[in-house]
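Comments concern the structure below.
What follows draws every value from the coordinates through simple rules; no lab data is involved. Since the structure is predicted, the reported quantities are computational estimates derived from the model, not experimental observations. Cβ placement follows ideal geometry from the backbone for every residue including glycine, while neighbour counts extend to all protein chains displayed.
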Amino acid sequence: MHNGKNNRLLLILTIATLAIAGFYILYQLNFDILFYQLPSRVNRVVTMLIVGIAIAVSTVIFQTITKNRILTPSIMGLDSVYLFIQTIIVFIVGTSSPLLTNDFVNYLVSMLGLVVFTVLVFKYLFRLTGNHVFLLLLIGIILGTFFNSLSTFMQMLINPDDFLILQNSMFASFNAINDSLIWITGAIVLLMLIIVLRDFHSLDVIALGRDHAINLGINYDRKVSQLLLIIAVLVSVSTALVGPIMFLGLLVVNLAHEMFKTFKHRYLLLGSTLIAVITLLLGQMLTQYVFNQAVEISVIINLVGGVYFIILMLKESRR
Amino acid sequence: MIDLKGISKIYGQKKVVNDVSVSIAKGKVTSFIGPNGAGKSTLLSMITRLLDQDSGEVLLEGKNILQAPSDALAKKIAILKQSNHMDLKITVRELISFGRFPYSKGRLNERDHEIIDEAISYMELEEFEDRYIDELSGGQRQRVYIAMTIAQDTEYIFLDEPLNNLDMKHSVQIMQILRRLVRERNKTIIIVIHDINFASCYSDNIVAMKDGKVAISGKKDDVIKKEILEDIYEMDINIECIYGQQICVYFDEHEDASVDDFIEDQVRA
Ligand SMILES: Nc1ncnc2c1ncn2[C@@H]1O[C@H](COP(=O)(O)OP(=O)(O)OP(=O)(O)O)[C@@H](O)[C@H]1O
Ligand SMILES: [Mg+2]
């Protein structure tokens with residue numbers, strides 16, 4: 001009954017995404033620098049698509065497993081760990097080290113660090129807390145604060161010039177991203193997406209909860225471990241590529257829930273991905289044309305997402 | 001046939017299920033009865049692989065249940081737990097359709113839809129089919145979950161307190177449906193049930209549990225006996241034969257004076 005409406009919604013979102021992407025690529029195109037401007041804009045759009053998929057898909061799955069709507073991998077401290085990795089590199093080996101200057105090396109180190117952290121946290125935390133949402137949230141915030149404080153401490157000690165360079169990696173940015181990294185990340189994200197989509201029906205079953213899922217024949221513990229690993233990889237590669245956008249996942253997945261009013265992952269996965277890409281495109285246009293690059297895109301998205309997060313918390317606590 | 005061999009579960013220091021060995025006959029209705037906290041639900045969860053036991057094994061037709069692949073098992077046994085809470089935006093029909101997941105893996109065919117329709121009509125849910133489950137009453141929702149379990153169409157069906165929240169008419173209806181499933185389709189049904197008279201009227205066998213142990217198990221007539229039940233529930237119980245059924249009468253004949261005192265105390269306080 002609701003499928004017809006939801007299919008139409010998906011179609012509208014797809015058209016909107018294409019239209020906004022087209023507009024972004026063609027707006028005020030300067031024919032004198034066409035060969036520079038066009039590929040650079042297309043690259044940005046492709047990056048936004050990759051990041052949109054990675055963040056939306058990982059957040060949808062994470063919330064399905066934890067059965068909550070306010071926790072996301074980023075809120076669980078992942079973004080702080082990314083910052084911590086960047087800071088510790090500057091702190092120990094300095095800004096001239098290839099660990100920081102070489103996009104490729106930095107990407108690899110950040111990604112590995114994040115994957116290791118996520119797998120450890122997820123594996124042990126879920127077991128320790130018995131998947132209790134508010135306990136998880138609390139620990140996530142504590143972990144986040146812990147790594148943030150460590151980073152801040154080290155940032156005090158490094159010299160101001162290094163700090164300026166470090167500051168670049170504190171905010172997500174879609175400007176000047178290394179081409180080959182885009183394609184590597186794209187390939188990894190695509191691979192994860194295929195694995196998820198091949199078996200998206202079992203996500204619907206997992207949403208019913210552990211007992212129902214086992215009763216219906218899902219090998220629950222193995223499946224959930226596999227999914228957590230996929231989440232870790234998705235969030236890590238996307239953060240390593242553009243930097244942290246803490247509240248993006250929360251914002252787009254909740255909007256998808258509001259719009260589609262369904263448990264079906266076909267709609268949730270596709271819907272929240274499209275919403276994520278639209279959000280990133282709009283954010284980027286605001287940054288570029290309204291704020292003239294004075295405000296980072298992650299600041300805009302976090303402002304909107306953060307306010308939404310507070311509203312969700314208030315709604316949740318009133319229930 | 002399901003054989004339990006020395007099943008135990010320990011929480012902290014307490015053995016909440018203590019060395020339970022019992023056989024569940026095929027093609028019968030077996031009821032588990034016993035006081036709150038006796039370990040019935042815990043035992044059912046272990047039989048159906050939802051919970052790991054600390055010792056012992058469950059044999060399904062002679063084979064250890066943990067060795068069978070989970071998806072094959074889902075076509076053989078179905079379990080509905082005592083309480084089911086769901087925060088999802090899901091309609092009645094969609095939820096019942098999940099009963100077919102072990103067969104269809106999410107892609108329903110004609111036959112699946114027939115079985116879903118049948119389960120819906122068994123539970124008289126036609127008028128709610130397209131409603132979201134959070135828009136139903138407690139009893140209506142319970143019937144949806146039972147329908148989902150029936151749609152799973154397994155040989156063995158485990159229901160933990162299926163009559164929760166149900167009115168008399170629907171309780172009787174469901175027990176009759178369960179009997180029919182046994183009679184016509186040779187299903188094996190295992191229920192946990194508190195209403196001792198429903199257990200007495202509709203089961204073939206009864207397993208009575210107390211303090212984590214099996215107090216007694218056997219044909220229903222061997223279990224529904226005054227001394228046995230009084231011992232298990234620690235209260236006075238009389239058994240009368242009404243229309244050929246053993247009916248337990250467990251109301252006080254005299255009013256309990258201490259209850260009046262208690263109420264008076266409360267009023268005064
Ligand atoms: N997760 C748990 N942790 C600790 N103790 C538990 C847990 N689950 C159950 N128990 C304890 O185990 C005992 C048996 O519980 P169980 O739910 O099996 O009882 P039951 O016979 O189904 O009771 P009821 O008729 O009230 O449903 C109880 O004393 C309960 O407090
Ligand atoms: Mg119980």
Relative contact order as a percentage, chain B, C-alpha pairs under 8 Å and 6+ apart, gives 24
So, relative contact order of the range B:1-94 in percent, Cα under 8 Å, 6 or more apart, is 31
Along the range B:236-243, Karplus-curve 3J(HN,Hα) (6.51, -1.76, 1.60; θ = phi - 60°) to the nearest Hz, with x for Gly and Pro, reads 6, 9, 10, 10, 10, 9, 10, 6
To the nearest 20 debye, the protein assembly as shown has a Cα-centred charge dipole, built from +1 on Lys and Arg Cβ and -1 on Asp and Glu Cβ, of 1880
Largest fluctuation, B:162, B:69, B:35 only, Gaussian network model of chain B with Cα springs under 10 angstrom, belongs to B:69
Classified through the alpha carbon gyration tensor (a ≥ b ≥ c as square roots of its eigenvalues; rounded if a/c is under 1.5, else prolate when a/b is larger than b/c, else oblate), the range B:1-88 comes out rounded
With 0.36 nm assigned to each residue of separation and the Cα-Cα distance removed, residue A:142 to residue A:25 gains 38.0 nm
Gyration tensor on Cα atoms of chain A, a ≥ b ≥ c root eigenvalues, a/c under 1.5 rounded, else prolate if a/b beats b/c, else oblate, says oblate
Placing +1 on each Lys and Arg Cβ and -1 on each Asp and Glu Cβ in the protein assembly as shown, then taking the dipole about the Cα centre, the residue among B:7, A:237, A:102 whose Cα reaches farthest towards the positive end is A:102
Going fewest to most other Cβ atoms within 10 Å around each Cβ, B:243, A:308 line up as B:243, A:308
Which of B:26/B:75; B:63/B:219; B:75/B:169; A:223/B:15; A:123/A:223; B:75/B:105 exceed 22 Å between C-alpha atoms? The answer is B:63/B:219; B:75/B:169; A:223/B:15
Among beta bridges assigned by DSSP with both residues in the protein assembly as shown, the antiparallel ones amount in percent, to the nearest 5, to 60
Expected sort for B:145, B:250, B:233 with the fewest Cβ neighbours (10 Å cutoff) up front is B:250, B:233, B:145
About its Cα centre, the range A:199-299 carries a charge dipole, from +1 on Lys and Arg Cβ atoms and -1 on Asp and Glu Cβ atoms, whose size in debye to the nearest 20 is 160
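With only Lys, Arg, Asp and Glu charged, each at its Cβ (+1 for the first two, -1 for the last two), find how big the charge dipole of chain B is about the Cα centre; round to the nearest 20 debye.
Charge dipole of chain B: 1580 debye, to the nearest 20.
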Cross-link reach from residue B:213 to aspartates and glutamates, straight Cα distance under 12 Å and at least 8 residues apart if same chain, gives B:19
Listed by chain and number, the aspartates and glutamates with an alpha carbon less than 12 angstrom from that of residue A:264, same-chain partners under 8 positions apart left out, are A:204, B:94
Counting other chain Cβ atoms within 10 Å of each Cβ in B:94-100 and taking the mean gives 3
Distance in nm between residue A:261 and residue A:225 label points, each 7 Å along Cα→Cβ, equals 4.0
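Sort B:117, B:221 by Cβ crowding within 10 Å, fewest neighbours at the top.
Numbers: B:117 15, B:221 10.
Lowest to highest Cβ neighbour count: B:221, B:117.
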